Amino acid sequence: MNKFTKLFFKFFLSSMFVLISNSSYARDIAKIKDGVLISNGNNMTLYTFDKDIEGSGKSECNDQCAKNFPPFTATEKEKSHGHGKFKTITRSDGTLQWTTKSGKPLYFYAKDTKPGDRLGDNMNNVWKVVK
């Protein structure tokens, strides 16, 4: 191995170590800007439900309600990477659902079909865009 090749590998390996050890390199599960989920490729508006009690650990939106306002679900693997920005609850069907840091469950609206739609905002005076 010549001197240039050794130097290149040394630089490459040290650069990779910095990237891997940098906590900002870790994937965030989501970022919300003006109520819109912007970092998981979805770019859809998130909502909260006034009938959910913050911090109760459960969702009051099930069955038909959950068809209209699908929960923002999580996997067990994603749960461990919430970075303190989000928490999870276990829904009555056993799936995990993301909540705000204070424990308010998060949902999408089924009739929002494109990024930025907010058709569910203030629906029945109980659905609100996440602030």
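Only the coordinates and a few stated rules stand behind these numbers; no lab work does. Every value quoted in this text rests on a predicted model; they were computed, and no experiment measured them. Cβ atoms come from the backbone with ideal geometry, glycine included; neighbour counts cover every protein chain shown.
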Original post:
Cross-link list Lys77/Lys111; Lys87/Lys131; Lys77/Lys101; Lys79/Lys114; Lys87/Lys111: which exceed 20 angstrom alpha carbon to alpha carbon?
Top reply: Lys77/Lys111; Lys79/Lys114; Lys87/Lys111
Original post:
Say each of Asp117 and Lys58 gets a label point 7 Å from the Cα, pointing the same way as Cα to Cβ; how far apart are those two points in nm?
Top reply: 3.1 nm
